[in-house]
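These notes concern the structure reproduced below.
Just so you know, all these numbers are worked out from the coordinates, no wet-lab data involved. The shown structure was predicted, so the numbers you read here are calculated from the model rather than taken from an experiment. All Cβ positions, glycine included, derive from the backbone under ideal geometry; neighbour counts span all protein chains shown.
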Amino acid sequence: MLILAFDTATDVATSALVADGEVLGERSSTPKALLEDVDALLRQGGAHAGDVEALAVGLGPGSFTGTRIGLAMARGLALALGVPAAGVSTLDALAAGAPGAVPVIDAKRHEVFVPGPEAVPPGELELGPGTMCVGDGACRYRETLEGLGAVVPPDDDERHVPRARFHALLAGGFGPAEELEPIYVRLPDAERSLAR
């Protein structure tokens, strides 16, 4: 099965073209460049859009806007190509790239998203000595996490990025893309303002 996978929930958007578990191509850029990346991946893999059999998309948690970009693209592509889609947690994809590590995504507002999923201040994480933490939240709060006994790889370590190849490998239960729901741990800022 030829799967086009992508995640735009963090500042680094990733995309991959995977055929029966084999990575044909992978790219990293920004959420706004995702369509260009997908086009380049298809050319690199010698495939056409019509060859894609399924989509795997990151559902977050992460940036509200970034997550919505990925979901909107998944819904548009699924409709145009007539293919099913599956959602994968961005935290799960990070964990798949660093077995045994705790995935930590920057949640802004001096918090991080961690498995649960939940948003917590980084200083309140319960980490055993030597626990490895990966993700953009681990980079941003390196000093705090290391103060708790955690180990954080260098900022340029690829384990900090939710690689789309892991989304393709973790994807299951393919179905209509319009049924995919983002993983929001908190209310979006606009809804919080309305609730006040």
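List of remarks:
- Computed lengthening from E118 to D157, 0.36 nm per intervening residue step minus Cα-Cα distance: 11.6 nm
- Gain upon complete extension [E146, A33; 0.36 nm per residue less C-alpha separation]: 37.3 nm
- Most mobile of L35, L59, L24 in a GNM of the chain (Cα contacts under 10 Å): L35
- Between the alpha-carbon centres of the range 117-194 and the range 57-114 there is a gap of 10 Å.
- Contour excess over end-to-end distance, with Cα ends at T65 and E179 and 0.36 nm allotted per residue: 39.2 nm
- Axial C-alpha extent at least 24 Å, average Kyte-Doolittle at least 0.0 - helices from the chain (DSSP): 64-81
- Highest-MSF residue in the chain out of V161, V83, V134 [GNM, Cα springs under 10 Å]: V83
- Selected from S63, L4, A150, residue furthest toward positive end of dipole (the chain; charges at beta carbon): S63
- 30 Å tail of the calculated P(r), the chain, as % of Cα pairs: 20 percent
- Share of pairwise Cα separations in the range 97-158, more than 20 Å, in percent: 13 percent
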